[in-house]
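Engineer: What follows is a single structure, and I will ask about it in a moment.
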Amino acid sequence: MIVGEVIGNIWATRKEDGLVGLKFLVVKPDRSENTPEAPSFVAVDRIGAGVGDKVMVTKGSASSHLQEGPAIPIDALIIGIVDSVEVERSGSNG
Amino acid sequence: MIVGEVIGNIWATRKEDGLVGLKFLVVKPDRSENTPEAPSFVAVDRIGAGVGDKVMVTKGSASSHLQEGPAIPIDALIIGIVDSVEVERSGSNG
Amino acid sequence: MIVGEVIGNIWATRKEDGLVGLKFLVVKPDRSENTPEAPSFVAVDRIGAGVGDKVMVTKGSASSHLQEGPAIPIDALIIGIVDSVEVERSGSNG
Amino acid sequence: MIVGEVIGNIWATRKEDGLVGLKFLVVKPDRSENTPEAPSFVAVDRIGAGVGDKVMVTKGSASSHLQEGPAIPIDALIIGIVDSVEVERSGSNG
Amino acid sequence: MIVGEVIGNIWATRKEDGLVGLKFLVVKPDRSENTPEAPSFVAVDRIGAGVGDKVMVTKGSASSHLQEGPAIPIDALIIGIVDSVEVERSGSNG
């Protein structure tokens, strides 16, 4: 999972069946030390995240099993609102 | 999901079974601030998108469950035509 | 899907069960304007592509459902031989 | 799989159903010779890894089949605590 | 699939259930002309590959269906030991 910040909303009236009623948010990935910025992307939210929240996001098809029945065509899901991160050291391999 | 713009069409007469009748469009990803351009790619469209539309695209195998029955071999699907994006700030981690 | 050109063949006698009889081709991705070259890779072909053909390739596990029964361990499949690409403009976000 | 070092913990009280009780750790990928640093990410741990451990991590939807029943929405799982790595040469293609 | 060279072994005694008995090898991807080096990674081997072998590797969840029954949490599998590669030209799009 990656950690990022919710920075906006996105709306699409015309969309694939099965996606009606889902909330789509724009997420900006946190930047790791010594690595370039990663591009923002859109994730589905079902846990009440909003702009300014720090969130954990699952990417790829693992995000698409939201309910019983068939998978839906999404590739990013906000899975948690981060309370705290405790990084004790930045690793010995840097 | 990523957001991009439909910039063209692509045709392939000889193709894998199961893909007959699908419409393939060329999508150019929007560029995030401070990140390099990402390459264009081909996505399947079933919602009537066309050149110039801003679209949301699901990538990976989550895009391949288009109907009942077996998955089909595609890895990108246009899932929505974007009405509006509202980015309230660009994040505090940049 | 990405678009690329078939540039070679690759042979492996000793391989995973379930892959016997498949044809493996080397594909070089087309380069998008303003983006770096992407590395060549190996894709399975079942539609008769050959060196010099421009092809569409599905990557990831969506490529692995080639038949009834269990998935096979491949991550790239040539899904079409491209007849023509019509890119009407290169997008307004570049 | 990639090899990295556990560098921290992350907590999220509000999260997707099905993730309650899982332990989330921050992992910093080891850096390969001649390649840039890759960003840190969050992985689920079920084998008792902790800060300072060198671990193998599976990414993508293969990490999401943790038990009988439906997949859960995670995209990274610590699958082993590394005892030793023996790299005999760095390859002839570098 | 990508082509690379086996450059080492890796051992992990404590690991996820379902992975006991698998052999893990370190693979260094071949470098394509005009592209940067890609990082080494760990792949499962079931066909008897060893250090110095040139191999084809499947990445992602397609590598995780190794047997009847549930998928196991791995994301890279050596699927073939390469006998020969014949690249007839490096493509016209470079």
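The values are calculated or read from the model by the stated rules, or taken from the named source; none is laboratory data. None of the values given here were measured: they were computed from a predicted structure. So basically every Cβ, Gly included, is an ideal-geometry build from the backbone, and we count neighbours across all protein chains shown. Note: areas computed on protein heavy atoms with side chains; ligands, DNA, RNA excluded. Shrake-Rupley method; radii C 1.70, N 1.55, O 1.52, S 1.80 Å.
To keep it simple, each residue is scored yes or no on (1) touching a Phe, Trp or Tyr at 6+ places or on another chain (Cβ under 9 Å); (2) of a type in the set (Gly, Ala, Ser); (3) in contact (Cβ under 8 Å) with a residue 60 or more places away in the chain; (4) more than 26 Å from C:PRO70 (Cβ to Cβ).
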| residue | (1), (2), (3), (4) |
| --- | --- |
| E:TRP11 | yes, no, no, yes |
| E:LEU25 | no, no, no, no |
| E:GLU37 | no, no, no, yes |
| E:ALA43 | yes, yes, no, no |
| E:MET56 | yes, no, no, no |
| E:SER61 | no, yes, no, no |
| E:LEU66 | no, no, no, no |
| E:ILE72 | no, no, no, no |
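Engineer: Quickly run through the stretch D:27-57 and pick out the residues that are charged (D, E, K, R) and either open to solvent by 30 Å² or more (accessible area, probe 1.4 Å) or more than 24 Å from E:SER61 (Cβ to Cβ) (or both).
Structural biologist: Initial filter on the stretch D:27-57 (charged (D, E, K, R)): D:28, D:30-31, D:33, D:37, D:45-46, D:53-54.
Once the filter is applied, which keeps residues that are charged (D, E, K, R) and either open to solvent by 30 Å² or more (accessible area, probe 1.4 Å) or more than 24 Å from E:SER61 (Cβ to Cβ) (or both), the stretch D:27-57 yields D:ASP30, D:ARG31, D:GLU33, D:GLU37, D:ARG46, D:ASP53, D:LYS54.
Engineer: Next question. Can you spot a residue in the stretch E:75-87 that is facing chain D (nearest Cβ under 9 Å) and at pLDDT 95 or above?
Structural biologist: Of the stretch E:75-87, the ones facing chain D (nearest Cβ under 9 Å) are E:75-76.
With at pLDDT 95 or above added as a condition, the list becomes E:75-76.
Yes: the stretch E:75-87 contains one or more residues that are facing chain D (nearest Cβ under 9 Å) and at pLDDT 95 or above.
Engineer: Hey, any hits in the stretch E:41-59 for a residue that's in contact with a Gly (Cβ under 7 Å, 6 or more places away or on another chain), closer than 28 Å to D:ILE72 by Cβ and within 8 Å of chain D (Cβ to nearest Cβ)?
Structural biologist: No, that holds for no residue.
Engineer: If you don't mind, there's one more thing I want to ask. Return yes or no: is E:PRO73 crowded, with 21+ Cβ neighbours inside 10 Å and either of a type outside the set (A, V, I, L, M) or outside any strand (DSSP E or B) (or both)? Break it down stepwise before answering.
Structural biologist: Working: crowded, with 21+ Cβ neighbours inside 10 Å: yes; either of a type outside the set (A, V, I, L, M) or outside any strand (DSSP E or B) (or both): yes.
When the stated conditions are applied, E:PRO73 passes them.
Engineer: What do you reckon, is C:GLY80 in contact with a helix residue (DSSP H, G or I) (Cβ under 8 Å, 6 or more places away or on another chain) and surrounded by 22 or more Cβ atoms within 10 Å (Cβ to Cβ)? First the steps, then the outcome.
Structural biologist: Numbers: in contact with a helix residue (DSSP H, G or I) (Cβ under 8 Å, 6 or more places away or on another chain): no; surrounded by 22 or more Cβ atoms within 10 Å (Cβ to Cβ): yes.
Taking the combined requirement at face value, the residue does not satisfy it.
Engineer: What are the residues in the stretch A:6-26 that are assigned to a strand (DSSP E or B), more than 7 Å from chain B (Cβ to nearest Cβ) and surrounded by fewer than 21 Cβ atoms within 10 Å (Cβ to Cβ), if any?
Structural biologist: Of everything in the stretch A:6-26, just one residue is assigned to a strand (DSSP E or B), more than 7 Å from chain B (Cβ to nearest Cβ) and surrounded by fewer than 21 Cβ atoms within 10 Å (Cβ to Cβ), namely A:LYS23.
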